[in-house]
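Below: the structure, in structure tokens.
Every read-out reported here was derived from the displayed coordinates using simple, explicitly stated rules and does not represent laboratory data. All values reported here derive from a predicted model rather than from experimental measurement. Heads up, the Cβs are rebuilt from the backbone with ideal geometry, glycines too, and the neighbour counts pull from every protein chain shown.
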Amino acid sequence: MANPFTIGIAGITVELHSLYPHAEEYCRDYLVKTDTPDMVIHSSEDLIAADRDAAFHLSDERIEPISLYRQIAERLPAYDAIVFHGAAIEYEGNAYLFTAPSGTGKSTHIRLWRKHLGEAVKIVNGDKPILRLTDRGVLVCSTPWAGKERWHRNCCVPLKAICYLERGTVDCIRPVQPQQLVTHFLHQVYLPQDGEAFDKTLRLLNAMTEMVDLFHLQCTMERSAVITAVEQLTGKPYKGEHI
Amino acid sequence: MNIRQGFVLREVMGSTVAVAIGEASRTFHGMIRLNSTATQLWKWLENGATQSTLVEQLCAEYDVDVDTAAQHVDAFLSTLRTEGVLEE
């Protein structure tokens, strides 16, 4: 058994007791020291085995971080937080979360933002950020769990908008009501096994989607998609490279 | 007929959805979005019902003719069957 270590994510400290040393390395950008962690999580062979089906090509040591994040995700609702599948970026002080089923093109779209707006665009998390409801609004928070590109930066940023992405033949973005995205979002949010945490997750989702702007973006994978998205999502004129 | 154990109605983002919780969620990964008629049918079904009692109740509640009601009920039951949510 590896030594326990503690990480700080979304303002919550989590003491992790892993079986393998890889987990601490995986979390190296989030390590903190505290005697009184908010959460204590213990890894186990059984829990790793439960995640093995979806990740059969990985060794147990490589599966362990996935298993640990699942345990964390189960407990997050008690801290007014949820895990949401999507890619989040920061631009001019606000965060924008792009969500869609895997393979749709979230990473591609974000690369376009970065390419045309340059360093003003900063990644927050490329795969599974935490959304936390605070009295200052919704924060999007990075974690070590950032997808295969490992796009992440240890930070929490106020969330301004969530954009549901779909590939299309034209570039078209429109504001939408929560009801129009409920089916999509229920497939992208982590739903806990525990009944209370499950209900709390839905309540948090309800509250959060009332507090941020919601958009549906149909886009080509062309540069024109970026201008369309940026102006609507930020509410400001496009300031990037002239296209 | 009944709703299978482990499926509940929840209000999410302005809609009524039927979701699986606990054990049932291990096999059922979807959710069913219900309009107001379907929500009503679901609630009646939770207390146990037959196709004909559902049709009767729908006629009484919504002032529709039997054929229209039967169409709604059959479509609803068909969806539930497909999703594996109906206990017959």
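Quick rundown of the values:
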quantity	calculated
Projected label distance in nm at A:Tyr238 and A:Gln193, using a 7 Å step from Cα toward the beta-carbon	4.8 nm
Cross-link pairs A:Lys122/A:Lys236; A:Lys106/A:Lys200; A:Lys160/A:Lys236; A:Lys115/A:Lys236; A:Lys148/A:Lys200 - those with Cα-Cα distance over 22 Å	A:Lys106/A:Lys200; A:Lys148/A:Lys200
The protein assembly as shown: Cα Rg divided by the 2.2 N^0.38 Å rule of thumb	1.12
Calculated from backbone phi, Karplus (6.51, -1.76, 1.60) coupling profile of segment B:11-20 in Hz, x at Gly/Pro	8, 10, 6, x, 10, 8, 10, 9, 10, 8
Most to least packed among A:62-72, B:53-63, A:177-187 [average Cβ atoms within 10 Å]	A:62-72, A:177-187, B:53-63
Partner chain coverage, peptide A:194-207 - average Cβ within 10 angstrom	2
Segment B:8-65 versus segment A:127-177: alpha-carbon centroid distance in Å	32 Å
Paramagnetic reach from B:Asp67 in segment B:34-52 [backbone N under 19 Å; point 7 Å along Cα→Cβ]	B:52
Beta bridges per DSSP with both ends in the protein assembly as shown, % antiparallel, nearest 5	75 percent
Simple label model, 7 Å out from Cα along Cβ direction - A:Cys155 to A:Asn3, nm	3.1 nm
Per-residue [θ]222 nm for the protein assembly as shown (sum of -39500 (n - 2.57) over DSSP H runs n ≥ 4, rounded to 500)	-11000 deg cm²/dmol
Charge dipole (the protein assembly as shown, unit charges on Cβ, about Cα centre) - positive-most of A:Ala95, A:Ala2, A:Val226	A:Val226
